[in-house]
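Just so it is clear, none of the values below were taken in a lab; they were calculated from the coordinates. These numbers come from a predicted model, not from an experiment.
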Amino acid sequence: PAGICAIIAVVATILSNLMSDTATVAIMAPIGLALAQSVGIDAVPVAIAAAVGSKVAVATPVSVTSNSLAASAGYRFKDFLVIGGLMNLIQIVVTTIMLQIIYF
């Protein structure tokens, strides 16, 4: 179950860095819920993984409006990838561990 939550969080994070957060949740929530139902695990942690994975999209300036405004400060796309990629990785690890502790 923790692996499924981690995979859903990773895919949601990747998609959310490329498109809007709302669209990512709209795509990932039904997929995650159907996957949880077919495997026979609780759907709540999978839905949480999809929601958290899609809301921490800071590796690119695409999905968050305030990130795109930072371009006027002189930030490059690489700056977002370095710091945001690390933050996304930490978020996935923490989310997976906390879901394991709380729900499984």
Check: For region 1-43, what class follows from the C-alpha gyration tensor (a ≥ b ≥ c being the square roots of its eigenvalues): rounded when a/c is under 1.5, otherwise prolate if a/b is larger than b/c, else oblate?
Finding: oblate
Checklist line | P(r) histogram, all alpha-carbon pairs of the chain included - 5 Å bins from 0, percent | finding: 2, 15, 24, 21, 16, 10, 6, 4, 1, 0
Notebook entry, point to check: Which length gain, in nm to one decimal place, applies between residue 39 and residue 19 when the Cα-Cα distance is subtracted from 0.36 nm times their residue separation?
Noted result: 4.4 nm
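What helices in the chain pass both tests, a Cα length along the helix axis of 30 Å or more and a mean Kyte hydropathy of 0.5 or higher, using whole DSSP H runs?
77-103
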